[in-house]
Every structure is written in C-alpha cells, then in structure tokens.
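Colleague: Quick one: structure below, then a few questions.
The values are calculated or read from the model by the stated rules, or taken from the named source; none is laboratory data. Owing to the predicted nature of the structure, the values given are computational and were not obtained by experimental measurement. For neighbour counting, all protein chains shown are included, and Cβ atoms are generated from backbone atoms with ideal geometry for every residue, glycine included. Note: accessible area is taken over every heavy atom of the protein model, side chains too, but ligands, DNA and RNA are not part of it. Shrake-Rupley method; radii C 1.70, N 1.55, O 1.52, S 1.80 Å.
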Amino acid sequence: MDKYQQTLRQYWGYDDFRGIQREIIESIDSGHDTLGLMPTGGGKSITFQVPALLREGVCVVVTPLIALMKDQVAHLRKKGILASAIYSGMSHNEIVTTLDNAVFGGVKILYVSPERLSSPLFQVKLHHMNVGLITVDEAHCISQWGYDFRPSYLKIADIRKEKPGVPVLALTATATPEVVDDIQERLLFEEKRVFRMSFERKNLAYIVRESTDKPVELIKILEAVNGSSIVYARSRQRTKETAQWLCDCGISATFYHAGLDTAVKDQRQKEWQSGNVRVMVATNAFGMGIDKPDVRTVIHIDCPDSPEAYFQEAGRAGRDGQKSYAILLYNSSDRRKLSKRISDTFPEKDYIRQVYDHLADFFQVGIGSGEGTTHEFDIERFCHAFHHFPIHVDAALKILQRAGYLEYDTDPDNNGRLRFTLSRDQLYILERTTRDEEAVISSLLRLYGGLFSDYSFIDESAIALKAGISTDMVYQILKDLSHRNILHFIPRRKLPSVCYTQRREDGERLILSREVYEDRRESYEQRIRSMVAYATNDAVCRSRQLLRYFGEESSTDCGQCDVCQANTHHPETESTADHQILQLLSDGERHHIGELHRLSLPRLKVDEALKRLIHEEQIHVEGAFLSIN
C-alpha cells in the first residue's frame, strides 16, 4: 500500500481509489498543472484533499459554493484534518484569525470564494502564506465560453503570479472541448494536462416528455416514481406556485430561490435533505454543493438554456448509484421562450450604451470621473426613472462588466452588522427590557462571538429563528436597542452595487468588442440550439446526445431513455398503447389528437398505435379529432 492509499484509508476508510482519482492525484503531487473532468458524484474532493495532506503548506480551494465550503470543512474536521473557510457573514476578526492560522500552519485546507481573492486583506496574508496547492472547483466558471462565466474567477491567475511554481488543480463536471482549452489558458497552465472520466451515468434514465399541461404531468411522474425529487423552474414565482400546487395535490413540497433569506434557505434545505419534505421546487440557485445521494427524480418544468446547465442539474439524481430519472417536460412554447432569452440576454449595443449613460445620470457621475467609486444600485428605482425593464438592464450591466467598464455585484456581502456598546457586566444588569428584547440579546450572544470588541456581520433571519419571533420584529428591536445605546446596529442593505473600474466615458465612445458581444451571443445561441435539438431529437439515445456534446464520441445507447425504450420492440407495450387509446375513446365522444400525448407512453409508441388502429379501421380520424368506429 503506497502513501496515497495509506492516506485514503487513514482518513476516509477506503482501500482504493475509483475512476481517475489516482491519476489526478499522482499528476498534481508531481507538480503538474492538472485539469480533471469528472461527473457529478465522481469523487472530485478526494483528488485535492489527499495530495493536500501529503504536500507541505496550505491547499487553497477556490469555490463559489458556500454550502459546500461549510459542509466539507465540517466533514474534514471530524476526520481530524485542519480545514477552514472564509465566507460572507464572518466578522473581520474571524477572517483575520482564519488567515493568520493559515499563515502559521494551523490550516491545511483553506476554502475561499473567488470574490475574496482580490481583497487587500487576503492578498497581504497570501504573501506570507506557504501555499502548496491551488485547487479551482467549478473551473468552467473561468471560461467566457462557458455557460456560467464569473468574472471573479479571472483573479485566480493573480495567485499564480504571487505563488509561482505552485501547481494548480482545476476540476469541473461540465466542459465542452472549447471550454477545456480555455480553462487551461486562463489558469496559465505550463502545459496541457487533462484527465477525463466518462460522464456516462448508467443508473440515470434521461426522459423528454412532451406535455401541454406540465403541472398535471408533474403529478403523474411523482405518483409513478417514489422518493425524493428536485423540480427546476425558471422563475421565483413559478417555484412558489408549483410548490403550492404539489402541496394542494397531497405531495409535500417547498420552494427555494436566491431571493429568500439565508436562514429560510438553510431551513428549507435541511427539511428536504432530512426527508421531511419530499420535493424541492427551485430555480438554478439550488443544488450546487448539495450532497443528497438518494434523489430519485430531477424534473425540469422549464427548459434550461444550455446542455451544460441541464446536465449538471439532472446529474443531481441518483448519486447513490440506484435507478433514477432526469425528466424534461417540453412543448412548443419552450422553443419560443428560449428564443426570447437571446434578445433578453444580449440587448442591442445602442441600448447598452444608453443604459451606461443613464447609469451615470442616476449616480451623478460626470464624464472623466468616477473611477474606483462604488454605488448602491436600486434597479427598480432606476428602471422607473428611465423607463427600462429590469431584465434588460441586468443584461446590459453584465455585458458592460465583461467589457471592463464596471463591476456589477448582484449579491453583495451586505448583511447587517453590530457591536455591543455596553460591557458584558452592564448587559447582565440591564433593566426595562422586554421578553422579546432579552430573547434577541441572548440569541446574539449564542450565535456570534466578539460582539463586545468588534462589529460582526449578522443574519437577522437566523436570529429570528433562534429567538422565536419574526424577522421584522428582530429588525425593529435591534433599531430600538441601538437608539438606546445598548448596541450599535448598522442595518443591512439588499441592494446590488455598481463600481466604476475606469473613469466614465461618453456612451458613444464605449468599445463593445466582438469578443465581448458578438462571439458570446453566437455561443449562447448555439447552446440554445443544442438544447432544443436535444429536446426534439427522438431518433438518437438521450444519453448519447449529451455525451457527444461534451466530446465523448465512443458512447453507446443507454437502453433506458425514452428514445431507446421507444425503439425497442415490446409486444406488451404495443398492446398497452392500443388498449389505452381505445379506452380513451370508449366514451363515444370526439377527442383531440393532442390528448394522446398525455398517455403515460413513449410518443413514438402512441404514433405507431394510432397508425395501426386507423389501418385496422378501429378508429376514425376527422381533421385533428379522433373517435371510435
């Protein structure tokens, strides 16, 4: 047993590695920059945690997933591994202490978000840190050709310049051949070095079901397949409405989106992970970093705008290796909606320039000034003042960010913060406080440390849960206590921010290059075309279509998707199809042909049965209507 297996057995209890874990570990431990392509559930974390323990210094793990940070740090500490994370909500003192521990050898694996990399505090501490390995999780986010590009990832290259000679391990579960090359270029790989694990999921059946009534179809699926489920929807309102519909139909469900308070999101996630709630209806804000192995179905009631997004979200089903289903509900309106997203995501250049000028008017920033200034951005007030739509303004600002004119932070680290102005002893003898005020003070002391010496970021919804009162009441109590000089409370602001990265120009002079606009629009259109092709191609195995998109040409038919099942000769299925159609028409009424697609059968089998019954003159066709002879 070599050192890699010994470490694996000592800390994780496994006798040997699986897939391409060993190849990646040997490569990175030999000092080579390495890119690992592994499907969801493929065991990515082992590939950096094992070499991190064997190499000198700190392993810095860059990831955008706060939930994953907290979860992995907790698991590693239980194994006796020195792990820490830096994320929003920590006080300044807590961040300094964590970084100092990393400098002086008290941290072996340090998780940080990409946004933290550019902070002056992190850069100063990094200079004094002995870094042995840099790991980049969700590495596709660094590619401007990827489906989930995040500008903050481009800062990772600066760490390489600060720490030359330190190898980089990049990991992702979704990357086209073009993105694979771009990741290595952006991360300044000395030489190309890629290890690929097949993205095939043998236990996962991919299904596309055409449905004109998606809520009804959703119920039929959940009634047919037991177990935990994720239902993905496009909008926040749709998650709420769908969850309510499921509850009304007797299926326990809750909803999740980025606009919910942190404590509410955590609570709903725990209810779902524990099995107290069966179905999580969510936007794409849910799922990354969530490790629930027994999800039996992942259902999309709205069509994603890229195969990458679909593949990653669908891959959250069946991570325990048991039979599971990834189901896309699709109809003709989805193609129209996807087409509209192109113009919504890439408004005309003249419109982008107009938004830039209006933004300067809104913030009162003159031409030639503003560089380095940051402004809170109330998008609703801006749209009302200048007659814009939020979705188009949001898209315009993201393009301006890619062009380098500004930074647009839609989710700033802006929790409220406070510190006690009274000493601990004075607080204990405080008089004239209500029961709710005492509950809030007690919750603060239990949830946060160092409140008597420094300001700490707080989560009002977490305090509310702890104190057993509403979030609004917590806010009002904190305001009152601040007014009485018991503490100093700086309320949070939920507003996004805009920072001018260079001096303000006249909008007409903005350079929106082909790389920033035309090339990315063309790439986005191609991803949408690929997604539509997947949803409408009933001739090629679904798994094979997805794997070919990611560059796996040698894949074989899965034998379990709707296409494979429809192309397999099953006499009993044919008999069932005939029977169901005749039963539908047995009431003697005329039925629209569209009703046949609501039957729980592959569409191809329905079409074959329809032709057979017409040929045998058992049913009569009149236009788009059917009746029994």
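Colleague: Name the pairs: first residue in the range 209-225 and under 18 Å from HIS592 (Cα atoms), second residue open to solvent by 60 Å² or more (accessible area, probe 1.4 Å) and charged (D, E, K, R), Cβ to Cβ under 8 Å, at least 6 apart or on different chains?
Modeller: Cβ pairs passing all conditions: GLU210/ARG603; SER211/ARG598; THR212/ARG598; ASP213/ARG598; VAL216/ARG598; GLU217/ARG209; GLU217/ARG598.
Colleague: I'd like to check something: does the range 392-404 contain any residue that is farther than 30 Å from PHE363 by Cβ and buried (at least 18 other Cβ atoms within 10 Å of the Cβ)?
Modeller: Initial filter on the range 392-404 (farther than 30 Å from PHE363 by Cβ): none.
Taking every residue of the range 392-404 in turn, none turns out to be farther than 30 Å from PHE363 by Cβ and buried (at least 18 other Cβ atoms within 10 Å of the Cβ).
Colleague: Next question. Return yes or no: is VAL208 farther than 26 Å from GLN545 by Cα and modelled with pLDDT of 95 or more? Spell out how you get there, then give the answer.
Modeller: Values: farther than 26 Å from GLN545 by Cα: no; modelled with pLDDT of 95 or more: yes.
Against the criterion (farther than 26 Å from GLN545 by Cα and modelled with pLDDT of 95 or more), VAL208 does not qualify.
Colleague: Only one of these is more than 16 Å from the chain's Cα centre (by Cα), more than 17 Å from THR34 (Cβ to Cβ) and at pLDDT 90 or above: LEU110, LEU117, LEU154. Name it.
Modeller: Unique residue meeting the criteria: LEU110.
Colleague: Considering GLU437, GLU371, GLU376, GLU407, which residue is modelled with pLDDT under 90, crowded, with 17+ Cβ neighbours inside 10 Å and of a type in the set (D, E, K, R)?
Modeller: One residue alone meets the criteria, GLU407.
Colleague: Provide a single number: the residues in the range 456-481 that are modelled with pLDDT of 85 or more, open to solvent by 40 Å² or more (accessible area, probe 1.4 Å) and in contact with a strand residue (DSSP E or B) (Cβ under 6 Å, 6 or more places away or on another chain).
Modeller: 0
Colleague: Among the candidates ARG521, ARG529, single out the residue that is farther than 30 Å from CYS558 by Cβ, of a type outside the set (Gly, Ala, Ser) and either modelled with pLDDT under 90 or not in a loop (DSSP other than H, G, I, E, B) (or both). Steps first, please.
Modeller: Numbers: ARG529 fails: farther than 30 Å from CYS558 by Cβ.
Matching residue, one of ARG521, ARG529: ARG521.
Colleague: Which of the residues spanning the range 162-185 are open to solvent by less than 10 Å² (accessible area, probe 1.4 Å) and either part of a loop (DSSP other than H, G, I, E, B) or in contact (Cβ under 8 Å) with a residue 60 or more places away in the chain (or both)?
Modeller: Result: PRO167, VAL168, LEU169, ALA170, LEU171, THR172, ALA173, THR174, ALA175, VAL180, ILE183, GLN184.
Colleague: Which of the residues that make up the range 186-224 are in a loop (DSSP other than H, G, I, E, B), over 25 Å from the mean Cα position of the chain (by Cα) and not small (Gly, Ala, Ser)?
Modeller: Quick first cut of the range 186-224, residues in a loop (DSSP other than H, G, I, E, B) only: 187-193, 197-203, 211-213.
Pick out the ones that are also over 25 Å from the mean Cα position of the chain (by Cα) and you get 188-193, 211-213.
Result: LEU188, PHE189, GLU190, GLU191, LYS192, ARG193, THR212, ASP213.
Colleague: Confirm whether ALA83 is crowded, with 21+ Cβ neighbours inside 10 Å and touching a residue at least 40 places away in the same chain (Cβ under 8 Å).
Modeller: no
Colleague: Is it true that PRO167 is in contact with a helix residue (DSSP H, G or I) (Cβ under 8 Å, 6 or more places away or on another chain) and within 19 Å of LEU37 (Cβ to Cβ)?
Modeller: Yes; evaluated as a whole, the condition is true for this residue.
Colleague: Of the residues that sit in the range 245-278 and are assigned to a helix (DSSP H, G or I) and closer than 24 Å to GLU217 by Cα, which one is nearest to the chain's Cα centre (by Cα)?
Modeller: Across the range 245-278, the extreme among qualifying residues is TRP272.
Colleague: Only one of (1) open to solvent by 40 Å² or more (accessible area, probe 1.4 Å); (2) modelled with pLDDT of 95 or more is not met by ALA360, so which one is it?
Modeller: Only one criterion in (1) open to solvent by 40 Å² or more (accessible area, probe 1.4 Å); (2) modelled with pLDDT of 95 or more is unmet by ALA360, namely (1).
Colleague: Separate question: Among the residues in the range 447-455, are any in contact with a Ser or Thr (Cβ under 9 Å, 6 or more places away or on another chain), among the aromatic types (Phe, Trp, Tyr) and open to solvent by 50 Å² or more (accessible area, probe 1.4 Å)?
Modeller: Looking through the range 447-455, at least one residue is in contact with a Ser or Thr (Cβ under 9 Å, 6 or more places away or on another chain), among the aromatic types (Phe, Trp, Tyr) and open to solvent by 50 Å² or more (accessible area, probe 1.4 Å).
Colleague: Suppose the filter is out of contact with any helix residue (DSSP H, G or I) (no Cβ under 7 Å at 6 or more places or on another chain), modelled with pLDDT under 90 and surrounded by fewer than 17 Cβ atoms within 10 Å (Cβ to Cβ); does ASN101 pass it?
Modeller: For ASN101, the condition - out of contact with any helix residue (DSSP H, G or I) (no Cβ under 7 Å at 6 or more places or on another chain), modelled with pLDDT under 90 and surrounded by fewer than 17 Cβ atoms within 10 Å (Cβ to Cβ) - is not met.
Colleague: Can you go through ARG509, ARG484, ARG542 and tell me which one is farther than 25 Å from SER152 by Cα, modelled with pLDDT of 90 or more and touching a Cys at 6+ places or on another chain (Cβ under 7 Å)?
Modeller: When all the criteria are applied, what remains is ARG542.
Colleague: Could you go through the range 122-130 and let me know if any residue there is open to solvent by 30 Å² or more (accessible area, probe 1.4 Å), under 24 Å from ILE24 (Cβ atoms), part of a loop (DSSP other than H, G, I, E, B) and not β-branched (Val, Ile, Thr).
Modeller: Taking the range 122-130 and keeping what is open to solvent by 30 Å² or more (accessible area, probe 1.4 Å), we get 123-125, 127-128, 130.
Cutting the leftovers down to under 24 Å from ILE24 (Cβ atoms) gives us 130.
With the extra rule that they be part of a loop (DSSP other than H, G, I, E, B), the set shrinks to 130.
Of the ones still in play, those that are also not β-branched (Val, Ile, Thr) are 130.
Within the range 122-130, one or more residues are open to solvent by 30 Å² or more (accessible area, probe 1.4 Å), under 24 Å from ILE24 (Cβ atoms), part of a loop (DSSP other than H, G, I, E, B) and not β-branched (Val, Ile, Thr).
Colleague: How about the range 80-114: which of its residues are small (Gly, Ala, Ser) and assigned to a helix (DSSP H, G or I)?
Modeller: Selection gives ALA102 alone.
Colleague: Can you name the number of the only condition in (1) out of contact with any Lys or Arg (no Cβ under 6 Å at 6 or more places or on another chain); (2) among the aliphatic types (A, V, I, L, M); (3) at pLDDT below 95 that LEU35 fails?
Modeller: (3)
Colleague: Does the range 357-371 hold any residues that are in contact (Cβ under 8 Å) with a residue 40 or more places away in the chain and part of a loop (DSSP other than H, G, I, E, B), and which are they?
Modeller: VAL365, GLY366, ILE367, GLY368, SER369, GLY370, GLU371
Colleague: Next question. Within the range 391-404, can one find any residue that is at pLDDT 90 or above and more than 24 Å from the chain's Cα centre (by Cα)?
Modeller: No: zero hits.
Colleague: Just checking, does the range 306-328 include any residue being surrounded by fewer than 17 Cβ atoms within 10 Å (Cβ to Cβ) and either part of a helix (DSSP H, G or I) or of a type in the set (A, V, I, L, M, F, W, C) (or both)?
Modeller: Looking for residues that are surrounded by fewer than 17 Cβ atoms within 10 Å (Cβ to Cβ) and either part of a helix (DSSP H, G or I) or of a type in the set (A, V, I, L, M, F, W, C) (or both), one finds none in the range 306-328, hence no.
Colleague: Pull up the range 410-432, narrow it to residues that are in contact with a helix residue (DSSP H, G or I) (Cβ under 9 Å, 6 or more places away or on another chain) and surrounded by 17 or more Cβ atoms within 10 Å (Cβ to Cβ), then point me to the one that is modelled with the lowest pLDDT. Write out each step before concluding.
Modeller: Here is the first cut: in the range 410-432, the residues in contact with a helix residue (DSSP H, G or I) (Cβ under 9 Å, 6 or more places away or on another chain) are 410, 413, 415-416, 418, 420-421, 424, 427, 430.
With surrounded by 17 or more Cβ atoms within 10 Å (Cβ to Cβ) added as a condition, the list becomes 415-416, 418, 420, 427.
Working: ASN415: 68, GLY416: 79, LEU418: 88, PHE420: 93, LEU427: 87.
If we take residues in the range 410-432 being in contact with a helix residue (DSSP H, G or I) (Cβ under 9 Å, 6 or more places away or on another chain) and surrounded by 17 or more Cβ atoms within 10 Å (Cβ to Cβ), then ASN415 is modelled with the lowest pLDDT.
Colleague: A further question on this structure: Spot the failing condition for SER274; the list is (1) at pLDDT 90 or above; (2) crowded, with 17+ Cβ neighbours inside 10 Å, and only one is missed.
Modeller: Of the numbered conditions (1) at pLDDT 90 or above; (2) crowded, with 17+ Cβ neighbours inside 10 Å, the odd one out for SER274 is (2).
Colleague: Which one is farthest from ASP266 (Cα to Cα) among residues in the range 426-443 that are touching a residue at least 24 places away in the same chain (Cβ under 8 Å) and not polar (S, T, N, Q)?
Modeller: Step by step, filter the range 426-443, then rank; the result is LEU430.
Colleague: Determine which single condition LEU338 fails, assuming it passes every other condition in (1) open to solvent by less than 50 Å² (accessible area, probe 1.4 Å); (2) out of contact with any Cys (no Cβ under 7 Å at 6 or more places or on another chain); (3) of a type outside the set (Gly, Ala, Ser).
Modeller: With respect to (1) open to solvent by less than 50 Å² (accessible area, probe 1.4 Å); (2) out of contact with any Cys (no Cβ under 7 Å at 6 or more places or on another chain); (3) of a type outside the set (Gly, Ala, Ser), LEU338 is out only on (2).
Colleague: For the range 131-157, give me each residue that is outside any helix (DSSP H, G or I), closer than 30 Å to GLU525 by Cβ and not aromatic (Phe, Trp, Tyr).
Modeller: Within the range 131-157, the subset outside any helix (DSSP H, G or I) is 131-138, 143-150.
So of that shortlist, the ones also closer than 30 Å to GLU525 by Cβ come out as 136-138, 143-150.
If the condition is that a residue be outside any helix (DSSP H, G or I), closer than 30 Å to GLU525 by Cβ and not aromatic (Phe, Trp, Tyr), then VAL136, ASP137, GLU138, SER143, GLN144, GLY146, ASP148, ARG150 are the ones that fit.
Colleague: For the range 443-471: of the residues being under 27 Å from the mean Cα position of the chain (by Cα) and not small (Gly, Ala, Ser), which is nearest to TYR428 (Cα to Cα)?
Modeller: Ranking the qualifying residues of the range 443-471, first place goes to ILE463.
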